[in-house]
Amino acid sequence: MSSIYPKARIFAPVLVRGEEDKGVVWIDFPRKVYKDILNLITDEEWGDMTDPKKGYDIVIRKDQIAGQFPQYSVVPKQISKLAPTDAEIKEL
(Lines give C-alpha, C1' and ligand atoms only; values in the text may rest on other atoms or scores of the structure.)
Protein backbone atom coordinates (compact mmCIF):
# COMPACT_ATOMS: atom_id res chain seq x y z
CA MET A 1 0.00 0.00 0.00
CA SER A 2 1.42 3.37 -0.95
CA SER A 3 1.13 6.52 1.10
CA ILE A 4 0.26 9.95 -0.17
CA TYR A 5 2.35 12.84 1.06
CA PRO A 6 1.70 16.55 0.50
CA LYS A 7 4.12 18.54 -1.63
CA ALA A 8 4.83 22.18 -0.99
CA ARG A 9 3.97 24.39 -3.96
CA ILE A 10 4.50 28.12 -3.99
CA PHE A 11 2.08 30.48 -5.74
CA ALA A 12 3.07 34.00 -6.78
CA PRO A 13 1.53 36.85 -8.76
CA VAL A 14 3.64 37.60 -11.88
CA LEU A 15 3.56 39.70 -15.01
CA VAL A 16 4.49 37.51 -17.97
CA ARG A 17 6.56 39.47 -20.52
CA GLY A 18 4.90 39.45 -23.93
CA GLU A 19 1.53 38.82 -22.29
CA GLU A 20 1.16 42.09 -20.37
CA ASP A 21 -2.37 42.51 -21.78
CA LYS A 22 -3.48 39.62 -19.53
CA GLY A 23 -2.37 41.58 -16.45
CA VAL A 24 -0.95 39.93 -13.38
CA VAL A 25 -1.44 36.14 -13.30
CA TRP A 26 -0.76 33.54 -10.61
CA ILE A 27 1.83 30.84 -11.28
CA ASP A 28 2.95 27.94 -9.14
CA PHE A 29 6.39 26.42 -8.78
CA PRO A 30 8.30 24.09 -6.45
CA ARG A 31 9.96 25.16 -3.22
CA LYS A 32 13.46 24.99 -4.75
CA VAL A 33 12.52 27.68 -7.31
CA TYR A 34 11.13 29.81 -4.48
CA LYS A 35 14.42 29.50 -2.60
CA ASP A 36 16.41 30.40 -5.74
CA ILE A 37 14.27 33.51 -6.25
CA LEU A 38 14.68 34.53 -2.61
CA ASN A 39 18.45 34.10 -2.90
CA LEU A 40 18.48 36.47 -5.88
CA ILE A 41 16.24 39.04 -4.23
CA THR A 42 18.23 39.10 -0.98
CA ASP A 43 21.64 39.25 -2.72
CA GLU A 44 22.84 42.83 -2.23
CA GLU A 45 24.97 42.58 -5.37
CA TRP A 46 21.81 42.76 -7.51
CA GLY A 47 20.28 45.70 -5.65
CA ASP A 48 16.50 45.93 -5.34
CA MET A 49 15.29 43.45 -7.95
CA THR A 50 11.67 44.19 -7.07
CA ASP A 51 11.81 47.92 -7.90
CA PRO A 52 8.97 48.59 -10.42
CA LYS A 53 11.11 51.12 -12.35
CA LYS A 54 14.65 49.69 -12.10
CA GLY A 55 14.08 46.05 -11.20
CA TYR A 56 15.13 42.93 -13.08
CA ASP A 57 13.06 40.48 -15.03
CA ILE A 58 13.46 36.93 -13.74
CA VAL A 59 13.20 33.97 -16.09
CA ILE A 60 12.09 30.60 -14.69
CA ARG A 61 12.99 27.87 -17.14
CA LYS A 62 11.56 24.36 -16.86
CA ASP A 63 13.42 21.58 -18.69
CA GLN A 64 11.60 18.26 -18.92
CA ILE A 65 13.69 15.20 -19.72
CA ALA A 66 11.76 12.02 -20.49
CA GLY A 67 11.52 9.73 -17.48
CA GLN A 68 12.93 12.31 -15.03
CA PHE A 69 11.59 15.03 -12.80
CA PRO A 70 11.63 18.49 -14.38
CA GLN A 71 14.71 20.63 -13.81
CA TYR A 72 14.18 24.32 -13.08
CA SER A 73 16.58 27.23 -13.44
CA VAL A 74 16.11 30.80 -12.24
CA VAL A 75 18.00 33.47 -14.19
CA PRO A 76 17.92 37.26 -13.75
CA LYS A 77 17.59 39.14 -17.03
CA GLN A 78 17.86 42.76 -18.07
CA ILE A 79 16.74 45.69 -15.97
CA SER A 80 13.31 46.74 -17.11
CA LYS A 81 10.43 48.90 -16.06
CA LEU A 82 7.33 47.00 -14.94
CA ALA A 83 5.19 49.04 -17.36
CA PRO A 84 5.76 52.03 -19.69
CA THR A 85 3.97 54.64 -17.54
CA ASP A 86 3.67 55.31 -13.82
CA ALA A 87 -0.12 55.05 -14.11
CA GLU A 88 0.15 51.54 -15.60
CA ILE A 89 2.62 50.53 -12.89
CA LYS A 90 0.19 51.71 -10.22
CA GLU A 91 -2.67 49.82 -11.91
CA LEU A 92 -0.71 46.56 -11.90
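For this structure, a couple of remarks:
- Any hit, region 31-47, residues being touching a strand residue (DSSP E or B) at 6+ places or on another chain (Cβ under 9 Å) and modelled with pLDDT under 85: yes
- None of Ile89, Ile41 is in contact (Cβ under 8 Å) with a residue 24 or more places away in the chain and out of contact with any helix residue (DSSP H, G or I) (no Cβ under 7 Å at 6 or more places or on another chain) except Ile89.
- Near pairs, Cβ below 9 angstrom, 6+ apart or cross-chain, from region 57-77 (touching a residue at least 40 places away in the same chain (Cβ under 8 Å)) to any residue that is assigned to a loop (DSSP other than H, G, I, E, B) and open to solvent by 90 Å² or more (accessible area, probe 1.4 Å): Asp57/Arg17
The values are calculated or read from the model by the stated rules, or taken from the named source; none is laboratory data. Fair warning: this is a prediction, and the values are worked out from it, not measured in the lab. Heads up, the Cβs are rebuilt from the backbone with ideal geometry, glycines too, and the neighbour counts pull from every protein chain shown. Accessible surface is based on the protein model in full, side chains and every heavy atom, while ligands, DNA and RNA are left aside. Shrake-Rupley method; radii C 1.70, N 1.55, O 1.52, S 1.80 Å.
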